[in-house]
Amino acid sequence: MKEVTILSGKGGAGKTSVTAAIASVAENAVFCDNDVDAADLHLIFNPEVKETHTFYGAWVASINEDKCTNCGICKSHCHFDAIHYKEEGGLYINPFQCEGCRLCERVCPVGAITSQRSENNFWYVSDSRFGPFVHAKMGPGEENSGKLVTEVRRKAREIAKETGAGFVINDGPPGIGCSAISSVTGTNAVLLVIEPTRSGLHDAQRLVELVNSFSIPLFAFINKDDINAEVTREIEDYLTQKDIPLLGRWGFDTNIVESMIDKKSVVEYSPESETARSVKSVWEQMKEFLEVGKVVSS
Ligand code: SF4
Ligand code: SF4
C-alpha cells in the first residue's frame with residue numbers, strides 16, 4: 001500500500017478540486033481528508049457515515065469556586081497567564097489561554113482545580129462513490145489538529161490494509177502548520193498544487209522546503225496556468241531548478257466551477273474535457289511512481 005498527500009501552500013489554490021478529480025480516476029484507493037480545521041472534501045464525496053468517533057482535545061482546567069480559598073497560588077504558577085481575578089472577587093481560568101499543562105491542578109492546596117479534555121471533535125469512517133473515506137470535524141477554537149490528522153491517517157491506512165487497497169490518498173491542509181507536517185510525515189509522495197500568483201508561488205516555496213526536509217518525493221501541478229503567464233513561467237523555472245517533476249496543469253475552466261456547484265468532481269461533470277484528461281495523466285504518472293518508484297517528468 002502506498003500513500004500520497006496532496007497539498008497546497010495556501011487555501012484556494014484548487015487542491016480539493018484536484019483531489020476530487022483524482023478520486024474519480026484512482027481505483028482501489030482509500031481517501032482521507034486531512035484538512036480537519038476546514039474540511040470540505042465531504043461536500044463532493046457526499047459520504048455515507050458508517051462510524052463516528054470522538055477525538056479528545058487538549059486539557060482545559062477550571063476552578064471549583066465552592067472549594068477555592070482565593071489564595072492565588074495557581075495564578076502565580078501559571079506560565080501562560082490564563083488565571084485571572086474576577087472583578088467581583090475570586091479567580092477564573094480563561095479556557096482560550098489555558099494550555100492544559102495541569103500545573104495549577106498540582107499546586108492548588110485544596111484540590112479546587114480539575115481539568116477536562118474537550119469532546120468537541122469527531123472523526124468518521126464513511127463509504128463514498130469513490131471508495132472508503134475517513135474524515136473529521138474539529139470544533140470551533142479547538143486545538144491539536146495535528147494529532148487528529150495523525151489519527152485519521154492511521155485509520156485510513158488500517159482500512160487500506162484490511163481491504164487490500166493499493167493507495168491511500170490524503171487531501172492535506174493548506175499552509176505549513178503542524179497539521180501539514182502531520183499530513184506529510186511518512187507518506188510516499190506529495191503532489192503540490194500551485195496557483196500562479198505571487199503569494200501562491202511564495203507559499204509553494206515554503207512548502208517545498210518543508211517537504212524536502214522530510215526527504216519525501218515531491219511532484220507539482222499548476223492550477224489555472226493561464227491567469228498569469230509571467231508567474232507561471234517563474235513557477236516552471238523554480239520547479240526545474242528544484243528538480244520537481246511537473247505532472248500536469250489546468251487552464252481556467254468553467255467546468256471546474258460548475259462541477260463544484262453540482263457537488264461533483266470535474267471528471268464526473270465533464271469527462272471528455274481537456275481538464276479531465278489532464279487529471280487522468282497526472283494520476284497515471286503518480287501511480288507509476290508509487291508502484292515502481294520510477295521518476296517521471298512532464
Ligand atoms: S492548566 Fe496550565 S495553562 Fe491552564 S490554567 Fe493551569 S497552569 Fe495555567
Ligand atoms: S490555588 Fe486553589 S485555592 Fe488557591 S486560588 Fe487557585 S484554585 Fe483557589
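Readers should treat all values here as calculations from the given coordinates under stated rules, not as data from a laboratory. What you see is a predicted model; the values in this text were computed from it and never measured. Virtual Cβ from ideal backbone geometry, glycine too; neighbours counted across all protein chains shown.
Summing +1 for each Lys or Arg and -1 for each Asp or Glu among the other residues whose beta-carbon sits under 12 angstrom from that of residue 96 gives -4. Once backbone amide H atoms are built at 1.01 Å from N, residue 58 has 118, 143 as its partners under 5 Å, excluding neighbours fewer than 5 places away on the same chain.
Between residue 198 and residue 178, residue separation times 0.36 nm minus the direct Cα-Cα distance comes to 4.8 nm.
The phi torsions of region 95-104, fed into the Karplus equation with coefficients 6.51, -1.76 and 1.60 and a -60° offset, translate into couplings of x, 7, 9, 5, 9, x, 6, 6, 5, 4 Hz, rounded to whole numbers, with Gly and Pro shown as x. Springs between alpha-carbon pairs under 10 angstrom, Gaussian network model over the chain: which of 39, 180, 61 fluctuates most? So, out of 39, 180, 61, the one fluctuating most is 61.
Only counting other Cβ atoms within 10 Å, I'd like 150, 16, 187, 54 sorted with the fewest neighbours first. Write out the running numbers ahead of the final one.
Numbers: 150 18, 16 25, 187 21, 54 12.
So the residues, fewest neighbours to most, are 54, 150, 187, 16.
Where does the chain land at 222 nm, in deg cm²/dmol rounded to the nearest 500, when only DSSP H runs of n ≥ 4 count, each adding -39500 (n - 2.57), divided by all residues? Taken over the chain, the calculation gives -11000 deg cm²/dmol.
Look at the Cα gyration tensor of the chain: its axes a ≥ b ≥ c give a/c of at least 1.5 with a/b over b/c, and that counts as prolate.
The distance between label points at residue 288 and residue 50 comes to 3.3 nm (points 7 Å beyond Cα on the Cα→Cβ vector).
Annotation for region 69-124 versus region 165-223: alpha-carbon center distance of 37 Å. Can you bin every Cα-Cα distance in region 59-117 into 10 Å intervals starting at zero and give me the percent of pairs per bin, rounded to whole numbers? For region 59-117, the binned pair fractions read 26, 63, 11 percent.
Of the cross-linked pairs 147/242; 161/287; 15/264, those separated by over 20 Å at the C-alpha level are 147/242.
Here the relative contact order of region 59-117, from alpha carbon pairs under 8 Å that lie six or more residues apart, stands at 50 percent. Using 0.36 nm per residue and subtracting the Cα-Cα separation, the extra length available between residue 67 and residue 27 on full extension is 8.4 nm.
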